[in-house]
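As structure tokens, the structure follows; a few thoughts come after it.
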Amino acid sequence: MGNNSAIKILLIDDNENNLMSMEVALEKEGYIFSKATSGREALRILLHEEDFSLILLDVKMPIMDGYETAELIYQRDKLKRIPIIFITAHDYEEAAMFKGYRAGGVDFIRKPFNAELLRSKVAIFAELYNKNQLLMVQEEKLQRVNSELLELNQDLEQRVIARTIELENLNRELKELNLSKDKFLSVISHDLRNPLTSLLISAEQLTENAENLKPEQIKMFSDIIYRTSTKILNQLNDLVEWAKNQWEKQAFNKQKLHLRQSINESLELLNANALQKEITLENNIEDGIFVHADSLMLRSILQNLITNAIKFTPLGGGAIKITAQPLDNRMVEVCIQDFGTGMSQKTKDMLFGEIRKTSAPGTDKEKGTGLGLLLVKDFVTLHGGTVQVESELEKGTCFRFTIPKI
């Protein structure tokens, strides 16, 4: 037989001659034998060796018969897989066979045994053992393959998750870069375009009316042009530095700022725009209020909100008033009040939402980027503050924002 070199058989009989007869009948098949002359000796052998393919067990033995021996063998879980064939000279009655099957036996052979019958029955169980071993090998291989597939699947899932997170992070970074670009363009639009408008107005007066202007008027306009040009240059330098900080994601630079003076600096840059629409800009903030803020961001907040107020106030629409009120939570609330066109509830709900590429035209058809208020909210939030708006159609608007006080 091809695989019988691996077949181990335990022979148990109290008669040495019977043990020899069984071994002689089966030896040509290449089996490996262990022999015991009692149930106790068989149990000792099985205590150290568990890899038997078959047990041939005599029923009639002194002290411990075959049935008792079988029951004790099968008390150990590792031995339950070994089939037992009972060898009997007398107990071939139905009751005796039932007792043997109940003890765990799988078959009976009568003594004196027929050698050919013994070889046939043993061969069947040897073949079953070989097939079971093959199945076990295949099962182990299948389990190993399944385990490898599970590991590969888990690894693939982890790689997919990691790649998804990486792509999400890249997408978020791209959005942040795009938003930073839009904010920078908005800062340029509001912080440079409006002072340039004032510069152009003064230059236009000199160009068109130079021969009719008095020397003191010419000096006034030239002073405006000089001061505005200097401030624009300073603002441009600040903007370049701010853009650098944004690109490098550096922290903004908070410092002690005199609030009334900071607002005056912004109003000076926007005053020409207001005068063109016959609007007055009133700084009604008390002199002793100081805030802890980034100067460029605060100026951008103020110029965005004041420019917005000028934009939506009609010609001769009165004053735009800036006030401030210290709050109990170490914040200052700044209010920029105009008496212009106001806005609907729907417009208010959209103010600080998604980025818009354009905004509503002003009363003199002024154009905007649609990014100014988003920039205001972002800068105020960076300072730990909030932005609110109160408005009523045809009555005006008040923007309130909070900023840390000192």
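Throughout, read-outs are computed from the coordinates displayed, never taken from laboratory work. The model shown is predicted, which means the values in this text are computed figures rather than measured ones. Every residue, glycine as well, gets a Cβ built from its backbone with ideal geometry; the counts of neighbours run over all protein chains shown.
Residues in segment 111-154 that are of a type in the set (A, V, I, L, M, F, W, C) and under 30 Å from M61 (Cβ atoms): F113, A115, L117, L118, V122, A123, I124, F125, A126, L128.
Which residues, counting only those in segment 208-220, are farther than 15 Å from L275 by Cβ and surrounded by 10 or more Cβ atoms within 10 Å (Cβ to Cβ)?
Residues satisfying the conditions are E208, N209, A210, L213, I218, K219.
In segment 72-88, the residues that are more than 17 Å from F108 (Cα to Cα) reach residues that are part of a loop (DSSP other than H, G, I, E, B) and β-branched (V, I, T) with C-beta atoms within less than 9 angstrom, at least six apart or across chains, in these pairs: I73/I82; Y74/I82.
For segment 2-31, which residues satisfy the criterion of being hydroxyl-bearing (S, T, Y), in a helix (DSSP H, G or I) and under 17 Å from E116 (Cα atoms)? Scanning segment 2-31 gives a single hit, S21.
Restricting attention to segment 310-330, the residues being in contact with a helix residue (DSSP H, G or I) (Cβ under 8 Å, 6 or more places away or on another chain) and part of a strand (DSSP E or B) number 3.
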